[in-house]
Amino acid sequence: MAVARKKKASAKKKPAKRKVAKRKPAAKKKVAKKRTTTKRKVAKRKPAAKKKVAKRKPAARKKATAKRKPAARKAAPRKKAKSKTKRKPNAAFMRPVTLSEALGEVVGHKAIPRTEVTKRLWLYIKKYKLQDNVNRRMINADPKLLKVFGGKKKVNMFEMTKLVSKHMK
């Protein structure tokens, strides 16, 4: 029986195959590209994080400012909120000017400021559609404006102000 066991044991054993480890392909070497431009790349800065400030109601703000105690340290000055009041016009622009007869027919004979003359003149131009359809900068003169423009049938916007100023004193 002992001999029979040996045969069985030897029959079970098979020659072991050698395992060959597969090699990974060699990593390709990176070749540095030559720069074609001379400009340097500038790193972009990330914007600074904004501080979150709790918003208060206007009524609550007034109460809070009344209770505040003077601070030991000076705080950074705050920007003033823009007021919704209209700014005062320059006195020279608001001074009434006397108009010539030719300009008076278009704008009115009453003495008015220069700014008002320009407004009324443009209202007249738009009302009677005197702006050129192709070139909107040109104004086509009607019989009343021909006197103001010195006989010119077509006048540039900028030239118009020059010609109108001659009719104001």
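No value in this document is a laboratory result; all are computed from the given coordinates. Every value quoted in this text rests on a predicted model; they were computed, and no experiment measured them. Cβ: placed from backbone, ideal geometry, glycine included. Neighbour counts: every protein chain shown.
Listed values, structure above:
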| read-out | value |
| --- | --- |
| Of all residues making up region 120-136, the number that are surrounded by 13 or more Cβ atoms within 10 Å (Cβ to Cβ) and closer than 27 Å to P89 by Cα | 5 |
| Complete set of residues in region 140-169 that are touching an Asp or Glu at 6+ places or on another chain (Cβ under 7 Å) and under 26 Å from P96 (Cβ atoms) | K144 |
| Search result, residues across region 138-164 that are small (G, A, S) and surrounded by 14 or more Cβ atoms within 10 Å (Cβ to Cβ) | A141 |
